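Novice: I'd like to ask you about the structure that follows.
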Amino acid sequence: MAIETTRARPALRALLAAVLLGGAAQAAAQPATPAIEGVWKIAAPTTTLKPVAGAVPFTAEGRKAYEANRKLRAQNKIDDYDITLSRCSNPGVPRLALSPMRFKIWYRQGVVTFDYEWNRALRQINVGVPPQPDLLGQGLVPTATGKSKGHWEGDTLVSVMEGASDRTLIDDLVPHGYDLKVTERYRLLDADTLEDRITIEDPAYFTHPWEAVVTYKRQPDAIFPEDVCLDRITAHKPAFPG
């Protein structure tokens with residue numbers, strides 16, 4: 001047993017060195033304390049995610065679904081196309097980027113967390129934690145926020161989200177399918193201005209990827225009060241307060 005242990009030590013040392021070097025490389029690739037941490041609020045409140053250039057490039061299927069949503073809204077059949085407004089469901093990505101209320105960003109242990117004042121919603125972007133085995137097949141079930149995997153390019157946080165439920169919307173009307181892919185690039189324009197450059201891809205609904213930009217202004221650090229969206233719905237008030 002002593003001989004086997006002695007022979008195993010070089011392999012263990014090599015494995016430990018690889019782990020340490022990998023951690024050092026990861027630490028060098030990302031800021032120790034990301035400048036994007038803090039409390040933010042959308043600079044120009046809007047319910048529409050507008051392309052940087054031109055109109056939303058719908059496919060025939062995408063245009064059909066969009067027009068169906070417009071008709072349902074005109075008929076006030078909100079629950080048939082927008083469960084966020086009718087049931088206070090999580091708006092999903094990228095619609096969370098249009099939240100009119102504040103949100104807080106912090107980075108801990110390889111995970112960037114977005115804590116939203118609206119209904120105390122949460123979103124997390126994994127930038128350093130190895131993927132865990134999906135023994136229960138949960139990855140096959142779409143969720144409102146999907147799964148976001150990110151990395152740092154200098155001080156810019158790059159996030160790629162996939163696996164979102166098709167029950168969410170891009171904004172207040174634009175639909176998408178199961179193949180939605182959302183790439184976001186968060187960076188500071190100045191100390192108090194945060195930019196989120198969003199690229200939308202879904203070959204079933206859009207003829208080509210399209211880009212939108214949302215900016216935020218830094219807010220004083222504060223503890224968010226309790227916010228219950230369902231209370232507003234019960235009181236016949238908008239799910240998203242202005």
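Yes/no matrix, rows are residues, columns are (1) exposed (fewer than 14 other Cβ atoms within 10 Å of the Cβ); (2) in a strand (DSSP E or B); (3) of a type in the set (Asp, Glu):
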{"position": "47", "(1), (2), (3)": "yes, no, no"}
{"position": "73", "(1), (2), (3)": "no, no, no"}
{"position": "86", "(1), (2), (3)": "no, no, no"}
{"position": "90", "(1), (2), (3)": "no, no, no"}
{"position": "96", "(1), (2), (3)": "no, no, no"}
{"position": "112", "(1), (2), (3)": "no, yes, no"}
{"position": "115", "(1), (2), (3)": "no, yes, yes"}
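Novice: Further question on the same structure: Could you list, in sequence order, the residues of segment 194-242 that are part of a strand (DSSP E or B) and touching a Gly at 6+ places or on another chain (Cβ under 7 Å)?
Specialist: 206, 218
Novice: Would you mind finding the one in 164, 212 that is in contact (Cβ under 8 Å) with a residue 60 or more places away in the chain, within 14 Å of residue 51 (Cα to Cα), of a type in the set (Gly, Ala, Ser) and assigned by TED's automatic domain parsing to the domain that holds residue 115?
Specialist: Criteria check complete, one pass: 212.
Novice: For segment 129-146, state whether one or more residues are in a loop (DSSP other than H, G, I, E, B), of a type in the set (Gly, Ala, Ser), out of contact with any strand residue (DSSP E or B) (no Cβ under 9 Å at 6 or more places or on another chain) and at pLDDT below 95.
Specialist: yes
The values are calculated or read from the model by the stated rules, or taken from the named source; none is laboratory data. Just so we're clear, the structure is a prediction, and the values are computed from it rather than from any experiment. Glycine gets a Cβ as well: all are built from the backbone with ideal geometry, and neighbour counts include every protein chain shown.
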